[in-house]
């Protein structure tokens, strides 16, 4: 398999003429790549290991941000409200530490999120009870969770391609603002697997439906591949604003507020649209690579750009906030947090959870 760094370079430089020439000249390899990817995934899944508690996988068929963490948050909150102990299994993408690590329940924001990865650090502030277990080998992470935490259910983050761990519920996300890119596999496109991988999904969640008019067309494509799988439609909604010190207030405080946006996530355009939906006055915005770690100098430059634009606040995402150094900027810095709203199909989600033995009695299907 191609390394993360090489894939990241090729996909981020597809507009570069030299890289485009290389990929174009190699396009004849795409059919073989498709067949090889299918064979590799079948081989990996053949010996998938089973954990002793139900596993819910939340994953993507494409690279980039699809709104996955919002779905994880919905599941985590609703399962915990029902009295269930939840363990989250993470790879810890781009962390600097090696080997398995654990974020203990109620641990708050770690002093150095580079040891854990940005997403586990963000999730750690959502719950005082969940266990977050980080390991390249998610089966070993699950076994460690059983020994030290004894969860009722696992949530496997970014799990669609991690088929070496068996799952009881496969939730696959499709972003309505860019569902399948150009339909080609990495590095020729943004697909991690051929679209036939949607056949493995037990439930498909369409995200950002309110920011696109493609939902009906996407459902038609999915139905041609997996006609029996239920589809849930969702859209992001502004939820709150969060300071770097962890102070949280209502998202309504953004109404009419002039802001300068920045983010290093997979879908910067969606962040801009969500900020506009909060009725903030966006004076400018800039994007960075996904999972970008900000330097002091970059933050100083962003503060200068914010002042020059006439904005009152710097505004970023909740995930970005953990990658920002603690420093004095001389102006307010906040993150816009979001939650997803289920537009249709919530009863299908309830039914699938019940079907694997997870019975959250307080699950609110209108969430």
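Among what's in the range 301-331 and is touching a residue at least 60 places away in the same chain (Cβ under 8 Å) and in a loop (DSSP other than H, G, I, E, B), pick the residue that is surrounded by the fewest Cβ atoms within 10 Å (Cβ to Cβ).
Selected residue: 326.
Report, by residue number, each residue of the range 264-282 that is more than 26 Å from residue 205 (Cα to Cα), surrounded by fewer than 22 Cβ atoms within 10 Å (Cβ to Cβ) and touching a helix residue (DSSP H, G or I) at 6+ places or on another chain (Cβ under 8 Å). Steps first, please.
Our first condition is that a residue be more than 26 Å from residue 205 (Cα to Cα); within the range 264-282, this holds for 279-282.
Add one more test, that the residue is surrounded by fewer than 22 Cβ atoms within 10 Å (Cβ to Cβ), and what stays is 279, 281-282.
The answer is 279, 282.
What number of residues within the range 120-163 satisfy the criterion of being in a loop (DSSP other than H, G, I, E, B) and closer than 20 Å to residue 71 by Cβ?
Of the residues in the range 120-163, the ones in a loop (DSSP other than H, G, I, E, B) are 124-130, 135-137, 149-152, 158-163.
Applying the additional criterion that residues be closer than 20 Å to residue 71 by Cβ yields 124-127, 129-130, 151-152, 158-163.
Qualifying residue count, the range 120-163: 14.
Which residue is farthest from the chain's Cα centre (by Cα), if the candidates are limited to the range 227-251 and must be over 14 Å from residue 338 (Cβ atoms) and outside any loop (DSSP other than H, G, I, E, B)?
Step one: filter the range 227-251 for residues over 14 Å from residue 338 (Cβ atoms), giving 227-233, 243-247, 249.
Now restrict to residues that are outside any loop (DSSP other than H, G, I, E, B): 231-233, 243, 249.
On the way: 231: 18, 232: 17, 233: 16, 243: 21, 249: 23 Å.
So the residue we want is 249.
Kindly list the number of the only condition in (1) in a loop (DSSP other than H, G, I, E, B); (2) crowded, with 21+ Cβ neighbours inside 10 Å that fails for residue 170.
(1)
So, in the range 106-127, exactly how many residues are over 15 Å from residue 320 (Cα atoms) and at pLDDT below 60?
Residues flagged as over 15 Å from residue 320 (Cα atoms) and at pLDDT below 60 within the range 106-127 amount to 4.
For the range 195-213, check the following and say yes or no: at least one residue is touching a residue at least 12 places away in the same chain (Cβ under 8 Å), assigned by TED's automatic domain parsing to the domain that holds residue 87, in a loop (DSSP other than H, G, I, E, B) and over 18 Å from residue 68 (Cβ atoms). Give the derivation first.
Looking only at the range 195-213, we keep the residues that are touching a residue at least 12 places away in the same chain (Cβ under 8 Å), and these are 195-212.
Among the residues that remain, those that are also assigned by TED's automatic domain parsing to the domain that holds residue 87 are: 195-212.
Restricting the remaining residues to those that are in a loop (DSSP other than H, G, I, E, B) gives 201-202, 208, 212.
From what is left, the residues that are over 18 Å from residue 68 (Cβ atoms) are none.
The answer is no, given that none of the residues of the range 195-213 is touching a residue at least 12 places away in the same chain (Cβ under 8 Å), assigned by TED's automatic domain parsing to the domain that holds residue 87, in a loop (DSSP other than H, G, I, E, B) and over 18 Å from residue 68 (Cβ atoms).
Is it the case, given these coordinates, that residue 261 is crowded, with 19+ Cβ neighbours inside 10 Å, under 21 Å from the mean Cα position of the chain (by Cα) and farther than 23 Å from residue 160 by Cβ?
Values: crowded, with 19+ Cβ neighbours inside 10 Å: yes; under 21 Å from the mean Cα position of the chain (by Cα): yes; farther than 23 Å from residue 160 by Cβ: yes.
So residue 261 passes the test.
The values are calculated or read from the model by the stated rules, or taken from the named source; none is laboratory data. Since the model is a prediction, treat every value here as computed from it, not as a measurement. In this analysis, Cβ positions are derived from the backbone assuming ideal geometry, glycine residues included, and neighbour counts consider all displayed protein chains.
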